[in-house]
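In what follows, a single structure is set out as structure tokens and then discussed.
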Amino acid sequence: MPNTTTPDQNTTPPTHEDFHWIHGPGKTERFAKFIELARDVSAGIHSSMQIIFSSDLVREMNQDCENGQESAPSIGKTDAVNLFRLAMAAAGFLRQASDEHINQLNQFWDE
């Protein structure tokens, strides 16, 4: 039976590079990673809240429309609640990450 495993040595290096919002020398600055994290998390919260709001708005409009003219919301109520909980958790995570940086700065300046 032929061997179907590949050796770990002499492999072709991957072409994938981690994505970064900050390019050039700025990417090595002290808070660059945190700034990118804050941007990504806040964008996720914003998108989640837009989806929830849009779905709630469609449900409200459906209450006032003629029978058979209803539109389907983009997500159901259960998914909206779960997405809202995800947004709250993401906001809490961002606050916690901010608090850690604040504490580090305060310790640095208090010394």
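The values are calculated or read from the model by the stated rules, or taken from the named source; none is laboratory data. What you see is a predicted model, and the numbers here were worked out from it, not measured in a lab. A quick note on method: Cβ atoms are made from the backbone with ideal geometry, for glycine too, and the neighbour counts reach across all protein chains shown.
Can you tell me how many residues in region 24-51 are in a helix (DSSP H, G or I) and over 19 Å from the mean Cα position of the chain (by Cα)? Please lay out each step first, then the result.
Within region 24-51, the subset in a helix (DSSP H, G or I) is 24-28, 32-51.
Okay, now just the ones that are also over 19 Å from the mean Cα position of the chain (by Cα), so 24-28.
Here the count works out to 5.
Please find, among Trp109, Trp21, the residue that is assigned to a loop (DSSP other than H, G, I, E, B) and not acidic (Asp, Glu).
Trp21
Can you find a residue that is of a type in the set (Ser, Thr, Tyr), more than 16 Å from Met49 (Cα to Cα) and surrounded by 12 or more Cβ atoms within 10 Å (Cβ to Cβ) anywhere in region 73-91?
Initial filter on region 73-91 (of a type in the set (Ser, Thr, Tyr)): 74, 78.
Applying the additional criterion that residues be more than 16 Å from Met49 (Cα to Cα) yields none.
No: region 73-91 contains no residue that is of a type in the set (Ser, Thr, Tyr), more than 16 Å from Met49 (Cα to Cα) and surrounded by 12 or more Cβ atoms within 10 Å (Cβ to Cβ).
Taking the options Ser74, Ser54, name whichever one is among the small types (Gly, Ala, Ser) and assigned to a loop (DSSP other than H, G, I, E, B).
Only one candidate qualifies: Ser74.
Confirm whether His101 is closer than 30 Å to His23 by Cα, within 21 Å of the chain's Cα centre (by Cα), modelled with pLDDT under 95 and not charged (D, E, K, R).
Criteria met by His101.
Given Gln96, Gln9, Gln63, which one is over 25 Å from the mean Cα position of the chain (by Cα) and modelled with pLDDT of 90 or more? Break it down into steps so the answer makes sense when it comes.
On the way: Gln96 fails: over 25 Å from the mean Cα position of the chain (by Cα); Gln9 fails: modelled with pLDDT of 90 or more.
Every option except Gln63 fails the conditions.
Residue by residue through region 19-55, note down the ones that are modelled with pLDDT of 95 or more and exposed (fewer than 12 other Cβ atoms within 10 Å of the Cβ).
Within region 19-55, Ala43, His46, Gln50, Phe53 qualify.
For region 84-91, check the following and say yes or no: at least one residue is among the aromatic types (Phe, Trp, Tyr), outside any helix (DSSP H, G or I) and out of contact with any Asp or Glu (no Cβ under 8 Å at 6 or more places or on another chain).
no
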